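The values are calculated or read from the model by the stated rules, or taken from the named source; none is laboratory data. Every value quoted in this text rests on a predicted model; they were computed, and no experiment measured them. As a convention, Cβ positions derive from the backbone with ideal geometry for all residues, glycine included, and neighbour counts pool all protein chains shown.
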Amino acid sequence: MLSTEPPTRYTLFMSTAPQKTFYVETFGCQMNVHDSEKVIGTLVHQGYSQVQTVEQADLILYNTCSIRDKAEQKVFHRLADYKKLLAQGKKFGVLGCVAQQEGEKIFERAPHVSLVCGSASYRNLPQMLIQIEAGKRATGLDDRETDECFETEFTARTNPHRGYITIIEGCDKFCAYCVVPFTRGKERSRTSESVLAEARQMVDRGYTEIQLLGQNVNSYKDPAGKRSFAELLTAVGEIPGIKRVRFTTSHPRDFGRDIVELCDHVHLPVQSGSTRVLDAMQRLYTREQYLERIASMKAAKRELSITTDVIVGFPGETEADFAETLSLLDEVGYDSIFTFKYSPRPNTPSLALDDAIPEQEKSRRLEVLMSKQKEIQIVRYRKYIGARAEVMVEGRNEARKQWIGRTSQNKTLNFSAPEGTEPKLGSYVPVSITASFPNSLLGEMVI
Ligand code: 5AD
Ligand code: SF4
């Protein structure tokens with residue numbers, strides 16, 4: 001495996017040559033952000049150094065997202081914008097979901113690209129780099145049926161306090177609208193021992209918050225059969241030095257009660273409040289079953305913050321279906337939602353459905369949904385005024401003379417500190433909440 005291999009001849013050669021540089025831009029979800037951290041670590045180990053502008057780079061990489069058409073178009077615009085740089089000998093690579101989905105067609109559409117590689121083939125990046133350096137084209141598109149995860153010890157994490165660990169890659173759910181099972185391949189989990197080993201290493205480097213990642217973390221199956229997802233979550237949380245463990249994303253169908261008492265925040269994508277639409281989406285649960293999960297969370301001993309994803313304008317979604325989504329928002333009381341207009345994607349079953357909703361109507365529903373949720377959040381956030389929360393200090397807003405913090409429920413809580421007090425980034429401090437907004441809280445540090 002890549003992470004245990006001795007340095008290759010190529011690396012040795014690189015050490016005497018001027019250092020090659022790369023630039024990477026990442027689109028899409030946290031999985032992609034974390035994949036880029038692994039890709040960066042791998043490239044650095046291969047003798048490359050990362051630069052912050054396209055102009056400085058020998059190799060320009062786009063780690064792409066194809067979940068919606070807009071995200072996909074962005075990468076082709078980028079490639080067109082920088083095509084002129086080919087004359088300077090720069091090389092271009094497309095990674096991630098658009099690479100997997102479009103494959104070698106990318107070479108036709110953007111002939112200046114020399115590397116096309118989907119996420120299931122990143123293990124082979126070092127060999128592919130050698131190929132493109134030799135002036136050839138390289139593709140990594142054939143590994144979606146692999147049993148292997150992309151594990152590497154060279155992950156270049158950008159945030160020094162909160163770090164991601166992938167526990168499961170791919171997705172076997174095949175929701176009717178979703179391109180992920182086609183771009184990221186079948187589900188494959190890492191052993192819980194390797195996850196725990198990585199978490200311990202991260203603690204040694206100063207991390208106190210860990211986010212376990214997967215398209216569907218509840219499907220986690222330890223290949224060594226040692227731990228369930230809930231047991232893994234517990235074991236990570238018990239590592240001395242770990243203060244917070246998060247996980248994303250959960251699928252309502254597999255979300256078990258055993259997790260409910262282990263967390264302060266659950267992101268549980270509902271997609272629609274109408275059982276009829278959920279059925280057409282092939283989500284494998286009804287509105288009532290989803291609400292049962294919510295009820296078990298609300299019955300938990302600790303207060304849980306619940307967030308979700310919603311798609312509007314799925315083919316055939318009627319006014320009545322949409323009204324059910326709106327009423328579900330009231331019933332659940334989410335702390336935040338991600339809203340999307342349905343976007344038809346290649347290969348997906350919903351592409352064949354009739355009854356497309358006009359773009360204008362999708363936009364209208366999106367507006368209605370967002371303004372409804374804003375009202376809900378105004379009320380929900382207001383109830384924290386007067387309460388106290390522990391935050392992890394994440395940054396400083398100089399203009400406002402405020403510190404930026406995050407609660408265990410993943411809410412942004414900006415705060416002021418008494419004169420002469422400088423809370424350390426990454427530390428945990430108690431804050432008394434004095435005001436609320438639809439998306440954040442405001443407070444004062446308690447000393
Ligand atoms: N159109 C619109 N939204 C989509 N999502 C996934 N596929 C599509 C699509 N084709 C949304 C879902 C998912 C989130 C990550 O993206 O809500 O939970
Ligand atoms: Fe896509 Fe559904 Fe898998 Fe989530 S569970 S990645 S929405 S197919």
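Structure notes:
- Counted residues, the stretch 325-335 - those being surrounded by fewer than 19 Cβ atoms within 10 Å (Cβ to Cβ) and outside any loop (DSSP other than H, G, I, E, B): 4
- Per this entry, Pro160 is not counted among residues that are in contact (Cβ under 8 Å) with a residue 24 or more places away in the chain, part of a helix (DSSP H, G or I) and more than 16 Å from ligand 1 (Cβ to nearest atom).
- Filter result for the condition that a residue is of a type outside the set (D, E, K, R), touching a strand residue (DSSP E or B) at 6+ places or on another chain (Cβ under 9 Å) and assigned to a helix (DSSP H, G or I), over Val44, Val24, Val54, Val94: Val44
- Here the condition is being surrounded by 18 or more Cβ atoms within 10 Å (Cβ to Cβ) and outside the structural domain of Gly28 (by TED's automatic domain parsing); of Ser194, Ser189, it holds for Ser189 alone.
- Residue list for the stretch 170-186, restricted to those being within 16 Å of ligand 1 (Cβ to nearest atom), over 12 Å from Ile67 (Cα atoms) and without any contact (Cβ under 8 Å) to a residue 60 or more places away in the chain: Gly170, Cys171, Asp172
Every residue, every condition in (1) within 16 Å of ligand 2 (Cβ to nearest atom); (2) farther than 26 Å from Gln282 by Cα; (3) outside any helix (DSSP H, G or I), yes or no:
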| residue | (1), (2), (3) |
| --- | --- |
| Glu153 | no, yes, yes |
| Ala176 | yes, no, yes |
| Arg200 | no, yes, no |
| Arg227 | no, yes, yes |
| Ala230 | no, no, no |
| Val245 | no, yes, yes |
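- Considering residues of the stretch 269-324 that are on the phi > 0 side of the Ramachandran plot and within 13 Å of ligand 1 (Cβ to nearest atom) only, the residue surrounded by the most Cβ atoms within 10 Å (Cβ to Cβ): Gln271
- Tyr177 being more than 25 Å from Phe92 (Cβ to Cβ), touching a His at 6+ places or on another chain (Cβ under 8 Å) and at pLDDT 95 or above: no
- Total residues in the stretch 155-174, condition closer than 19 Å to Thr26 by Cβ, surrounded by fewer than 22 Cβ atoms within 10 Å (Cβ to Cβ) and within 16 Å of ligand 2 (Cβ to nearest atom): 0
- Looking only at residues of the stretch 337-351 that are more than 16 Å from Arg365 (Cβ to Cβ) and surrounded by fewer than 18 Cβ atoms within 10 Å (Cβ to Cβ), we find that the one that is nearest to ligand 1 (Cβ to nearest atom) is Pro344.
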